[in-house]
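Participant: There's a structure below that I have some questions on.
Every read-out reported here was derived from the displayed coordinates using simple, explicitly stated rules and does not represent laboratory data. Computed from a predicted structure; not experimentally measured. Methodologically, a virtual Cβ is constructed for each residue, glycine included, from the backbone with ideal geometry; neighbour enumeration extends over all protein chains shown.
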Amino acid sequence: PVLMNAFELISTSQGLNLGTLFEK
Amino acid sequence: MGCFQSAQRRQCPGHEDPLLLSSQTAFTVSEVEALFELFKSISSSVIDDGLINKEEFQLALFKNRKKENLFANRIFDLFDVKQKGVIDFGDFVRALNVFHPNSPHEDKVDFSFKLYDLDNTGFIERLEVKQMLIALLCESEMKLSDETVETILDKTFLDADVNRDGKIDKEEWQNFVSRNPSLMKIMTLPYLRDITTTFPSFVFNSEVDEIAT
């Protein structure tokens, strides 16, 4: 993770994965 | 046209005319109607009032209403453009439009900038990024030392904050994401291309003549 930039890590948040809205 | 202006429209707050919403977005009329099926399902999950509140939004995202999440709250606030504490159907469609595969890349970059500018200052500041990193660590149960978090922040700002003023402005963000395109992956939802097949029941509830679509 040290080599990743902060936003790469942040973008893995489940709260940013709006795809789950479409899962029934 | 709002739903109260026409006897043919559904009697629910904020259900804007599908034709109008289609004209303002990348969605076809059928896709707007399919999105209404999704909207109905989310907006009736806790209180059946035709509006999505924060609890219903979190429930739809996590399938668990008790899960507080910084990022989900932030997305909700950006969807709630009228700042009413609830998302109506028009808000929902226009916000999701940004995530459509065919929507302009600049709109996606702009939305992502607002998303990470937690305090709406017009800049993404180091403290905000740290706050988001810590929220991510809590959410994922990933363990990183304080030193590692600071190293990640140093590296990120070294790369993104070109003018070295300690914060990332819009232009620096545009430049940064152009060099790191993977950061924009969360801004496109492939589901939106197939929304009519995901929610086929819209056909039975359609109010728009086929000729109009």
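Participant: What's the local net charge at B:E139, with K and R +1, D and E -1, over the other residues with C-beta under 14 Å away? Let's see the in-between values first.
Facilitator: On the way: positive: B:K66, B:K67, B:R74, B:K143; negative: B:E68, B:E141.
Combined, the nearby Lys, Arg, Asp and Glu give +2.
Participant: Ignoring everything except DSSP H segments at least 4 long, calculate the 222 nm mean residue ellipticity for chain B; use -39,500 (n - 2.57) per segment, divide by total residues, nearest 500.
Facilitator: Working: 11 runs with 111 residues, N = 213.
Rounded to the nearest 500, the figure is -15500 deg cm²/dmol.
Participant: Short version: ³J(HN,Hα) in whole Hz for each residue of region A:10-24, in order, from phi by Karplus 6.51 cos²θ - 1.76 cosθ + 1.60 (θ = phi - 60°), x for Gly and Pro, what are they?
Facilitator: My calculation for region A:10-24 gives 4, 5, 8, 4, 5, x, 9, 8, 6, x, 5, 4, 8, 8, 7 Hz in order.
Participant: Would you mind counting up the charge near B:D194? Only other residues with Cβ under 15 Å from its Cβ, with Lys and Arg at +1 and Asp and Glu at -1.
Facilitator: Neighbourhood net charge equals -2.
Participant: May I have the convex hull volume per residue, in Å³, for the Cα set of chain B?
Facilitator: Per residue, the Cα convex hull of chain B comes to 132 Å³.
Participant: Next question, about the same structure. Under 15 Å from the Cβ of B:V98, count the other residues' Cβ atoms, weight Lys and Arg +1, Asp and Glu -1, and hand me the total. Display every interim value, and only then the final one.
Facilitator: On the way: positive: B:R74, B:R94, B:K108, B:K114, B:K185, B:R193; negative: B:E31, B:D77, B:D80, B:D91, B:E106, B:D107, B:D110.
Combined, the nearby Lys, Arg, Asp and Glu give -1.
Participant: Any idea what angle helix B:70-79 forms with the longest principal axis of chain B, computed on alpha-carbon atoms, 0 to 90 degrees, nearest 10?
Facilitator: Tilt of helix B:70-79: around 50 degrees.
Participant: Where Rh denotes the Kirkwood radius from the mean inverse Cα pair distance, what is Rg over Rh for the protein assembly as shown?
Facilitator: Details: Rg = 19.2 Å, Rh = 19.0 Å.
Rounded to two decimals, Rg/Rh equals 1.01.
Participant: In the structure shown, do any of B:K82/B:K114; B:K82/B:K130; B:K40/B:K108; B:K63/B:K130 have a Cα-Cα gap over 22 Å, and if so which? Walk me through the numbers before you get to the answer.
Facilitator: Values: B:K82/B:K114 15 Å; B:K82/B:K130 28 Å; B:K40/B:K108 26 Å; B:K63/B:K130 27 Å.
Correct reply: B:K82/B:K130; B:K40/B:K108; B:K63/B:K130.
Participant: May I ask for the angle, rounded to the nearest 10°, between helix B:146-160 and the longest principal axis of chain B, with both axes built from Cα atoms and the value confined to 0 to 90°?
Facilitator: Between the helix axis and the principal axis of chain B, the angle is about 80 degrees.
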